[in-house]
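Contents: one structure, followed by commentary.
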Amino acid sequence: MTDPSDPEKKIHVDSDWKEQVRQEKENLASEEAPQAPPAESSESTNPSPEGAPVEFPPADFSFLISMLATQAFAAMGQIPDPSTGQATKHPEVAKHMIDLLAVLQEKTKGNLSTDEDAVLENMLHQLRMVYVETTR
């Protein structure tokens, strides 16, 4: 037990600490306020280049499959490049996208809903058939 009369153990109480903390918080808030962007009303919107909000589809497994499949179809020349309007073939990229989907299928086996499993199985089948056709 420590002796309260010990001069080395004397506690100094700063009565202004609460006021100092409040002032520091106000200063920080006023410094950050002009830099903070206005809050968006929805998490699923981003401004487009024209400033209008863009709606994104829900982030789910089927959308992930669709995104990878779209890249594979584009790499097989089935979808034109939006910037050039020209369809180009990159079979190595298409094969990589198909292989990624196959890895997803293997790693998620038993963890997908019936619908998700069917979407993945059908997409892989379609992609493989188009790949064989375009690489002949």
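Just so you know, all these numbers are worked out from the coordinates, no wet-lab data involved. All figures in this text were calculated on a predicted structure; none of them were measured in a lab. So basically every Cβ, Gly included, is an ideal-geometry build from the backbone, and we count neighbours across all protein chains shown.
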Do we have GLN71 as closer than 15 Å to VAL132 by Cα and among the polar types (S, T, N, Q) here? no
Exactly one condition in (1) under 16 Å from SER66 (Cα atoms); (2) over 27 Å from the mean Cα position of the chain (by Cα) is false for GLU133; which is it? (1)
Is there any pair linking a residue in the stretch 99-116 that is more than 17 Å from TYR131 (Cα to Cα) to one that is buried (at least 16 other Cβ atoms within 10 Å of the Cβ), with Cβ under 6 Å and at least six apart or on different chains, and which? GLN105/LEU120; GLU116/PHE61
Options ILE79, ILE98, ILE65: the member that is surrounded by 11 or more Cβ atoms within 10 Å (Cβ to Cβ), out of contact with any Pro (no Cβ under 9 Å at 6 or more places or on another chain) and not in a helix (DSSP H, G or I): ILE79
Residue check, LEU112 within 14 Å of LEU68 (Cα to Cα) and surrounded by 13 or more Cβ atoms within 10 Å (Cβ to Cβ): no
